[in-house]
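The structure under discussion appears below in the form of structure tokens.
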Amino acid sequence: MAKQVTGQAKFQVPGGQATPAPPVGTSLGKFGINLGQFVQQFNDRTKEFNGTPIPVVVTVYNDRSFEFETKSPPAAALLKLACGIAKGSGVPNRDKVAKVTRAQLEDIVNKKMKDLNATEMDNAVRMIEGTARSMGIEVEG
């Protein structure tokens, strides 16, 4: 008999720093899975991201087993990391907080390409440029 899916949960956790506390505990506790086992597997798989928020999709089965898929970090988090800023601008059309080059945008696209809905590099770069502009980051080149 095949396993039946009893539920699915989506949330973001800092890479390598998951704990059974929220958001992990509140999202997965209702399914009755072993939270310690999930936390350990997640932290082992994402330790190289060290604190960068990682979206995760957890599929829970009727025998309380689970599988999870990690996605690439959000574009905003990668842009903040590339620019070395803590947060974007409160008024992005007026106050610019940093500058980003085309090479940095292409590097971010390479990290996120499997999660973007673009097939060409140029279109994907334009998507990340839009995110940068909405955060008050000036795009050079």
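The values are calculated or read from the model by the stated rules, or taken from the named source; none is laboratory data. Values in this document were obtained by computation on a predicted structure and should not be read as measured data. Virtual Cβ from ideal backbone geometry, glycine too; neighbours counted across all protein chains shown.
Residues that are closer than 17 Å to MET135 by Cα, of a type in the set (Val, Ile, Thr) and part of a strand (DSSP E or B) do not occur anywhere in the stretch 33-56.
Check the stretch 27-37 and report whether any residue there is at pLDDT 85 or above, over 18 Å from the mean Cα position of the chain (by Cα) and charged (D, E, K, R). Within the stretch 27-37 (the criterion being at pLDDT 85 or above, over 18 Å from the mean Cα position of the chain (by Cα) and charged (D, E, K, R)), the answer is no, since none of the residues qualifies.
So ASP122 fits all but one of (1) closer than 24 Å to ILE54 by Cβ; (2) without any contact (Cβ under 8 Å) to a residue 24 or more places away in the chain; what number is the exception? Tallying (1) closer than 24 Å to ILE54 by Cβ; (2) without any contact (Cβ under 8 Å) to a residue 24 or more places away in the chain, ASP122 fails exactly one: (1).
Filtered by the rule that a residue be surrounded by 16 or more Cβ atoms within 10 Å (Cβ to Cβ) and at pLDDT 80 or above, the stretch 82-110 gives ALA82, CYS83, VAL97, ALA98, VAL100, GLN104, LEU105, ILE108, VAL109.
On the stretch given as the stretch 47-69, residues that are surrounded by fewer than 19 Cβ atoms within 10 Å (Cβ to Cβ), closer than 10 Å to GLY15 by Cα and in contact with a Ser or Thr (Cβ under 8 Å, 6 or more places away or on another chain) total 1. Which one is nearest to LYS71 (Cα to Cα), of the residues in the stretch 13-40 that are exposed (fewer than 15 other Cβ atoms within 10 Å of the Cβ) and in contact (Cβ under 8 Å) with a residue 24 or more places away in the chain? It comes out as ASN34. The condition of being closer than 30 Å to VAL5 by Cα, without any contact (Cβ under 8 Å) to a residue 60 or more places away in the chain and hydrophobic (A, V, I, L, M, F, W, C) holds for only one of VAL100, VAL60, VAL109, that being VAL60. Within the stretch 10-32, the set of residues being part of a loop (DSSP other than H, G, I, E, B) and of a type outside the set (Ser, Thr, Tyr) comprises GLY15, GLY16, GLN17, ALA18, PRO20, ALA21, PRO22, PRO23, GLY32. Would it be correct to say that LYS47 is modelled with pLDDT under 85, basic (Lys, Arg) and within 25 Å of ASP115 (Cα to Cα)? Yes; evaluated as a whole, the condition is true for this residue.
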